[in-house]
Structures are given as structure tokens and as C-alpha cells.
Amino acid sequence: MRYNRSMSFPDALRALVADGAVMWGLLGATLLVLVLTPLVARIAPRIGGVDDVQDRPRIHARPVPRIGGVAIVAGILIPAALLVDLEGPYLGILIGTLGVALLGLVDDLRGLKPSVKLAGVALIALVPVLGYGVTIDRVTLPFVGDHDLGWLAVPLAVLWIAGVANLVNLIDGMDALAAGIVAIAAASFAILAASFARMDAAALAAIVCGATLGFLWHNYHPAKIFMGDTGALALGFLIATLALDGLFKTAAAITLVAPMLVLAVPILDTSFVVLKRLKYRRPPFGADHNHFYHRFLRIGFSQRRTAAYLHVWAALLAAYAIFARFFPPRPRGNWDLERALILGVVGLVVIGASVWMVYSLEILKKRHLDALRLRRRREPEVDEPEEAVERVLSAGRR
């Protein structure tokens, strides 16, 4: 199928259903992870792969196996090796995925510094980037045009891969959250890649979606197992490289914006947390209770309700990215005022929903400040309220 600027959403879905690699990959990965995850959970205690809440602040209160990523990665690599064309860039992507998974496994079993993990992912990213040409070759922007990135293509690609891998790793602190976010992103990338006739990318995205759906069966609250850094880093690596090869390499302007929208929730979450840490002069990748899901829980939401809210938020943003792909404001290269207005109105609704979500989270801050003000009346010599709140949160106390 050739790339068709006017391909409709039903056309893309039909392309996915008609592609055997996509359907068999989705089904095969789901079943493999469903079967392999309990086996990995039994092995975990014997090799030290159990999360005892000491590595970083967690939501659970009991030891839980944390190397479920082994099952996820196996569930991805096996069908991908059988169904995806490995003569192109996908061999490099899969080699890099295996390397990042091994790095994550070492961290799950022995522990690594965040800086070491980040550097390790960046080095492994050079395998697909330099060895197989998985880069951001050019960018297309409205009113600006198409521009070749030149030598910047390599460092930008490495930065993107390492950044997204770290994003997924940082949101993996609550049952079902990271797996659900990745499943939504992978499903979105499969649809988008199919619309640009990049069916190998669509097949690999479908495989990633299937693997995360299979894992969710065991990871939904109360979780029987966590994916750990083995799974989180590997999934982040895969999602990032899929965006590079399946979307960024096409000429449409939406391909630059779509991955940002699809991954907006982890991007916003991590940006908020890192800025908070920098504001209070703490290590940017340290551990605390400032993530979105921590804030929802402190407001009083259950784990399932928190995961549902964040999944719906992520799905809403991903749906807007897909809508923008199939309802572009410039359908034939010329601006269509009616389409542009509709796209803008829908965008305002999505922005409004996102602002409401962030506002709901910020209510927590006011509650904590009110509590600290009451305490300040009794204890005259205390720190500034906001700094006191941050100290409590960074110490991991609720």
C-alpha cells in the first residue's frame, strides 16, 4: 500500500486487520505474556527479583516480584523475530531493546544509579541510530516547510530515545499505569504507521500493544507482578524508536506533533517532577511522591480510579493526535478554514480537559498548605510551607 495523504481512518483499520503480521503479532504477544508472566513471578524470589519498597517510593505495602519485564520482552522479541522484516532498521531496534532490557534487569536485581541507567540507554540507542539509520532525518512544520536536520539528526534521536525510555520508567510506580499508557501509545502508533503505509512499524507497534495488554492481566490492581526497569526501559526504548522509524520519517507535519500528544501524560508528569526537584535543589532523577498518581492517591482516589483517570487522559490526547491525522486542516496542501476551525475547537476541548486534570491535582497542594498553616500557628519556627511540603514528599511520607 502506498502512502496516501487522504487515507481515511477506516482505511487504516482495514489495512491493520488485513495484515497478517499485525494480527498474529498482536495475538501472539498477548498470549505469550499471559503465559510467561506467572512463570517469571515464580522465578523472581529465587534470584532477588522482588520489590521490597526500598529502591524508591512505591504504592504497594508488600513484596512483589518486579522482573515481569522479562516476560514482556520475550513476548515482544519472539513474535517480532518471526513476523517483522529484520533486513531493515528493525533488527537494530530489537537488538537495542534486548540490550536495554538486560540493563534494566541488572538494575532490578543489583541496583544501578539513575545516571548510569540513563547513560547506558543512550549508549545502547547508538545501535539503531548509527548502525541502522533510525534517526529524525527532517522536520516538516506549517508555514516553515521541510528542513533537513543534518548532523543534529543523531544526537536528537539519541536524546529522544533515552528521554522516552526514562519517561516510561519514571511513571512505573503504580499498578497498571505504565503498561496501560504504553498500550495506548502502541495502539495509536500502529494506526498512525498504517496510515502512512509503514506496515512493519505497525506490526511491531501491535506486538508491543499485545504484550502490554497481556501483562495488564497480572499487573492490574492488586498487582501480582511489576514490569520493573527491565520492562519499563525496554518499552520506552521501543516506543521511542517506533516513533522515529514509523512516524518521524514521513513528510506529514502531524508526524512531529503526534508522538508528543500520544506521550503527553508521561512527558507532563516527568517535566513537573523534575522541575520541582530542581526548584528545591534536589537531584532531578531522585525519588519522591510528586508524580501525578501520588497526587491523585493523596486526594483520595483509589489505585484503580487513579489509573483509569490517567489512562483516559492519555487516550484522549492520543485520540486527538489520530483525529488530526485523518482530519488535517490542509487536506490537499491548501488550508481549509472549516477543518481548521473544527480541529481547533476539538483541541480546545482536549486542552480544557487537561487543564481540569492538572487543576484537580493542584488542589492537593492547597490542602497541604492549609494543614501546614494550622501547624504553624502552634509551632512558630518552621520552614516556609511549600518547602516543608516538598521535604515531606521527597522523603516518601504521605
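Below, the figures for the structure above:
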| read-out | value |
| --- | --- |
| The listed residue being within 17 Å of Leu233 (Cα to Cα) and at pLDDT below 90, out of Leu170, Leu159 | Leu170 |
| Number of the exception - Ala201 against (1) surrounded by 24 or more Cβ atoms within 10 Å (Cβ to Cβ); (2) at pLDDT 95 or above | (2) |
| Residue in the range 100-114 that is modelled with pLDDT under 95, farther than 25 Å from Met199 by Cβ and basic (Lys, Arg) present | yes |
| Any hit, the range 84-98, residues being among the charged types (D, E, K, R) and over 19 Å from the mean Cα position of the chain (by Cα) | yes |
| Qualifying positions in the range 288-327 - buried (at least 19 other Cβ atoms within 10 Å of the Cβ) and assigned to a loop (DSSP other than H, G, I, E, B) | Asp288, His289, Asn290, His291 |
| Any hit, the range 343-356, residues being modelled with pLDDT under 75 and crowded, with 17+ Cβ neighbours inside 10 Å | no |
| Unique residue being crowded, with 18+ Cβ neighbours inside 10 Å, closer than 26 Å to Ala74 by Cβ, more than 15 Å from the chain's Cα centre (by Cα) and aliphatic (A, V, I, L, M) when the list is Val164, Val134, Val168 | Val134 |
| Residue selected from the range 83-132 under the condition without any contact (Cβ under 8 Å) to a residue 24 or more places away in the chain and among the small types (Gly, Ala, Ser), by the criterion nearest to Ala234 (Cα to Cα) | Gly120 |
| Top-ranked residue of the range 84-102 - restricted to ones that are in a loop (DSSP other than H, G, I, E, B) and among the aliphatic types (A, V, I, L, M), ranked as surrounded by the fewest Cβ atoms within 10 Å (Cβ to Cβ) | Leu86 |
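The values are calculated or read from the model by the stated rules, or taken from the named source; none is laboratory data. This structure is a prediction, so every number in the text was calculated from the model and none was measured. Please note: Cβ atoms are built from the backbone with ideal geometry, for glycine as well, and neighbour counts cover all protein chains shown.
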